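To start, the structure under review is shown below, and the notes come after it.
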Amino acid sequence: MSRLISVAELFKGRHFDQEIVILCVRWYLSYKLSFRDLVAMMGERGLGIAHTTILRWVQHYAPEFTKRWNRFARVVGGSWRMDETYVKVRGEWTYLYRAVEFHLSRKRDVNAAKAFLRKAMRNERIPVKITLDAYAASHRAVADLKDSGELPKRVQVRTSKYLNNRIEQDHRRIKQRLRPMLGLKSFQTAAVVIGGIELAEKIKKGQFKIGKLGGPTASMPDLWRAALGA
């Protein structure tokens, strides 16, 4: 991981206080709000913020916040459930691969599945088991990675709709959050926003070591301050 700059430097030159920036980004990623919803909410607090300003904050800070939270991530298990769903970007369907990581792809094919698995293995431990749906390209991707030595031969591959029900339900939460956004305008922006939503979902599901950030009694704002400032 590249060296993280200080929090003061991270927010240097911003017209609004860093607490306002963090609040807007955190709420946008965590709740079913549009940018204009946040503009109205901030307006009730006496803050005149343009929706384009909040948009720029999300694009700039979501990856930075993810890097800082990831320092406190719990070690994931060795059993992965891999599945993909559809997300519309600029009026066209793209494919969101999800397991212990996520990968947004313009295509749903063997190469996309390989790219996802490589990203997941780069950022997490090598799996012991991978549960896939019946889609042939995903099985071919795993077989190719085994043949190339990137994935150990001992990794067990299973096909079970029942076992993948959990991640399919998880897709629903991501898509429900995307719905109020009225469409993602570019592939790059979509990847950034989805990465931020994935971060917010991981926080809700307790996938970080909050004991190092204030413990279970700490408020959400306090947890965020600790994670970003540590």
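Can you say whether residue 114 is under 21 Å from the mean Cα position of the chain (by Cα) and open to solvent by 40 Å² or more (accessible area, probe 1.4 Å), as far as the supplied structure shows? Judged against the criteria, residue 114 is not a match. Residues considered: 48, 78. Of these, the only one that is in contact with a Pro (Cβ under 7 Å, 6 or more places away or on another chain) and over 19 Å from residue 189 (Cβ atoms) is 78.
Please find, within the range 155-167, the residue that is modelled with the highest pLDDT out of those that are open to solvent by 60 Å² or more (accessible area, probe 1.4 Å) and assigned to a helix (DSSP H, G or I). The extreme case among them is 166.
The values are calculated or read from the model by the stated rules, or taken from the named source; none is laboratory data. Because the structure is predicted, anything quoted here is derived from the model rather than measured. When we count neighbours, we look across all protein chains shown, and the Cβ atoms used for this are built from the backbone with ideal geometry, even at glycine. Quick note on the areas: whole protein, heavy atoms, side chains included, nothing else; ligands and nucleic acids left out. Shrake-Rupley method; radii C 1.70, N 1.55, O 1.52, S 1.80 Å.
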